[in-house]
Amino acid sequence: MSNDPIHQFHLNKLIPLEIGGVDISFTNSSLFMVVTVAATAGFLIWATSGRGLIPTRLQSLAEMSYEFVASMLRDGAGSEGMKFFPFVFSLFMFVLVANLFGMFPYFFTVTSHIIVTFALAMLVIGTVVFYGFYKNGLGFLKLFVPDGVPGLLVPLVVLIEVISFLSRPISLSVRLFANMLAGHITLKVFAGFVASLSAMGAIGIGGAILPLAMTVGLTALEFLVAFLQAYVFAVLTCMYLNDALHPSH
Amino acid sequence: MFVTKAWAAETASGEAPAEATHSETGVAHGAEGGSFPPFDPTSFASQLLWLALTFGLFFLLMRNIVVPRISSILEVRRDRISRDLDEAQRLKEESDAAIAAYEQELTEARNAAHKIGQEARDKAKAEADASRHEVESELNAKIAESEKQVAAIKAKALGEVDTIAADTVQAIVSEILGVNTTKADAAKAVSSSAK
């Protein structure tokens, strides 16, 4: 059971709850959502509480993450996009910290469940659609009709644009979910090889060196993926928000 | 199979009836894909609810506390830096002006000193010239007077030469010849031989 690579994604009900026949138990996933939020918000609030003109190391870290997301959003959606800054910053920090917490052994990876990433993706697309129509009215539909397309091709291009827009929440959520899931399964499988090979005696222990090296390498790679996927999620959010702000390409 | 057993074990603590269902329908359950936790729809409601609660709280904390705080920190720092730069610029201009004023005063002082020196030199030269002229004229006067005296003495001496010669002649004659001659005769002889 301990070698089962899927085991780490199981939800354990820590506090069983049920309302109207719907199971809303407080699970290990919920626990790590709470831990992620508490740790991130706690760190950011505590690190910046000095409001130092000359920042301490931790305040500098908080400022760097702020400026990292701010420059990402400004590049992606222009200075008008800065009104979405708290949203993009929250998304980036939440996904990043949830991914990084997942790297601790025995910790649950919140973003390894499709429903979580899909909810976040739908939140992004919902914001884009809602704000796009709110700001541009029906002009938002120009998003699906690029300028300078010959009349004959317009229906085809519109069809492609609509499909591409509808697939955005799926690609956004599946990319993050699949990366986290696959990475953790791979890690677990290689680490499992180490355990099962070393149970086979001297030759096994010698042979276990290979998967052990692989596990070490994969761990480093997974840290990279954890950061990169949070970054990609935030960058794509910025680009989609840019569509809501400037629909006519 | 082994996946399902694990799942059953996990859920055992939760609900006893569920465990029974899982163990009985283990194979069928696995075939549905329900055994793969991320695709188990029974957990969706709980995850969505807790995600909404936690992420909503996180968003509010970020929007109301962290983002305004960091942006004000950065704003204050930017203001402070630009104010300091302005101040530095102002001080630089002041020091430039002070240097220019100093240079100008130095030039003026140099010119004034030059003028004073020139004046002093001119005055000293004029005084020296004047005193030299005075001394020269005095000396000239003295020279003239001395020359006059010399001439007078010379004339007087020349006048007395005859008398001395006559006396000498008279004395010589009386010594050698033993003849007393008169002064007048001696003088006459001297004047006749001198001609």
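Tabulated values for the structure
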item	result
Of all residues making up segment A:36-50, the number that are in contact (Cβ under 8 Å) with a residue 60 or more places away in the chain and at the interface with another protein chain (Cβ under 9 Å from one of its Cβ atoms)	1
Selected residue (only one of B:Leu53, B:Leu91 is in a helix (DSSP H, G or I), of a type in the set (A, V, I, L, M), open to solvent by 60 Å² or more (accessible area, probe 1.4 Å) and within 30 Å of A:Thr36 (Cα to Cα))	B:Leu53
Boolean, B:Leu60 is within 30 Å of A:Glu18 (Cβ to Cβ), more than 7 Å from chain A (Cβ to nearest Cβ) and open to solvent by 50 Å² or more (accessible area, probe 1.4 Å)	yes
Unique match (being surrounded by 12 or more Cβ atoms within 10 Å (Cβ to Cβ) and free of Cβ contacts under 8 Å to residues at least 60 places away in the same chain) among A:Ile114, A:Ile160	A:Ile160
Conditions (1) farther than 24 Å from A:Tyr231 by Cβ; (2) more than 10 Å from chain B (Cβ to nearest Cβ); (3) in a helix (DSSP H, G or I): number failed by A:Leu73	(1)
Where A:Tyr66 falls short, out of the listed (1) outside any helix (DSSP H, G or I); (2) open to solvent by 20 Å² or more (accessible area, probe 1.4 Å)	(1)
Residue list for segment A:7-22, restricted to those being surrounded by 18 or more Cβ atoms within 10 Å (Cβ to Cβ), touching a Ser or Thr at 6+ places or on another chain (Cβ under 8 Å) and facing another protein chain (nearest Cβ under 7 Å)	A:Phe9, A:Leu11, A:Lys13
Single residue of segment A:23-35 satisfying the filter (within 8 Å of chain B (Cβ to nearest Cβ) and in contact (Cβ under 8 Å) with a residue 12 or more places away in the chain) that is most open to solvent (accessible area, probe 1.4 Å)	A:Phe26
Residue within segment A:190-197 that is closer than 22 Å to A:Tyr231 by Cα and open to solvent by 40 Å² or more (accessible area, probe 1.4 Å) present	no
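Yes/no matrix, rows are residues, columns are (1) in a loop (DSSP other than H, G, I, E, B); (2) within 11 Å of the chain's Cα centre (by Cα); (3) within 14 Å of chain B (Cβ to nearest Cβ):
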| residue | (1), (2), (3) |
| --- | --- |
| A:Thr117 | no, yes, yes |
| A:Leu123 | no, no, yes |
| A:Asn136 | no, no, no |
| A:Phe140 | no, no, no |
| A:Val149 | yes, no, no |
| A:Leu152 | no, no, no |
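The values are calculated or read from the model by the stated rules, or taken from the named source; none is laboratory data. In this text the structure is predicted, and so the values were computed from the model without any measurement. Here the Cβ is made from the backbone with ideal geometry for all residues, glycine too, and neighbour counts use every protein chain on show. The accessibility values were calculated without ligands, DNA or RNA, using every heavy atom of the protein model including side chains. Shrake-Rupley method; radii C 1.70, N 1.55, O 1.52, S 1.80 Å.
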